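Everything below concerns the one structure shown next.
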Amino acid sequence: MTDRPLISRVHLDIGALLLAAVLAAWLLWRPELIQGLPFGLRLPLVALGVWALGAAFARPLVEEAGMYRLEALVKAPWSQVALWGFALLLIGRAWSL
């Protein structure tokens, strides 16, 4: 019997990539989730979304290319927190509409 964790880092990376893909498709389908906000709220939400989705999509690529500085940024724990935070903000926004 091996002592492997139930959820490995690879599973978390795949989950983050799938979540980013779903969020990107959802924003293409329902852009009013962000467009309906005032500019003061929209700009930080767009910046958070660009970082969160970009980091999730870039993670497999930077590992392959060996970009070590970028790899440290996209693998940082706060990068995952940003992705899940962005998802929760969008879910809350959709719920309020």
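May I ask you to say which residue of LEU17, LEU23, LEU41, LEU27 is open to solvent by less than 30 Å² (accessible area, probe 1.4 Å), in a helix (DSSP H, G or I), of a type outside the set (Val, Ile, Thr) and modelled with pLDDT of 90 or more? Checking each option against the conditions leaves just LEU23.
Of the residues that make up segment 78-92, is at least one over 12 Å from the mean Cα position of the chain (by Cα) and at pLDDT 90 or above?
In the first step, residues of segment 78-92 are kept if they are over 12 Å from the mean Cα position of the chain (by Cα); the result is 91-92.
If we keep only those that are at pLDDT 90 or above too, we end up with 91-92.
Checked segment 78-92: at least one residue is over 12 Å from the mean Cα position of the chain (by Cα) and at pLDDT 90 or above.
Quick check, is ALA55 open to solvent by less than 100 Å² (accessible area, probe 1.4 Å) and modelled with pLDDT of 95 or more? Criteria not met by ALA55. Within segment 2-12, the presence of a residue that is at pLDDT below 95 and buried (at least 16 other Cβ atoms within 10 Å of the Cβ) is excluded. Please tell me if LEU73 is surrounded by 11 or more Cβ atoms within 10 Å (Cβ to Cβ) and over 12 Å from the mean Cα position of the chain (by Cα). So LEU73 fits the description; yes. Within segment 35-59, the set of residues being out of contact with any helix residue (DSSP H, G or I) (no Cβ under 7 Å at 6 or more places or on another chain) and in contact (Cβ under 8 Å) with a residue 40 or more places away in the chain comprises just one member, GLY36. Answer yes or no as to whether VAL62 is part of a helix (DSSP H, G or I) and either farther than 18 Å from ARG9 by Cβ or more than 12 Å from the chain's Cα centre (by Cα) (or both). Against the criterion (part of a helix (DSSP H, G or I) and either farther than 18 Å from ARG9 by Cβ or more than 12 Å from the chain's Cα centre (by Cα) (or both)), VAL62 qualifies. Taking the criterion of being small (Gly, Ala, Ser) and touching a Ser or Thr at 6+ places or on another chain (Cβ under 7 Å), would at least one residue in segment 46-53 satisfy it? No, that holds for no residue.
The values are calculated or read from the model by the stated rules, or taken from the named source; none is laboratory data. Note that the coordinates shown come from a computational prediction; the quantities given were computed from them, not determined experimentally. Please note: Cβ atoms are built from the backbone with ideal geometry, for glycine as well, and neighbour counts cover all protein chains shown. Accessible surface areas use protein heavy atoms only, side chains included; no ligands, DNA or RNA. Shrake-Rupley method; radii C 1.70, N 1.55, O 1.52, S 1.80 Å.
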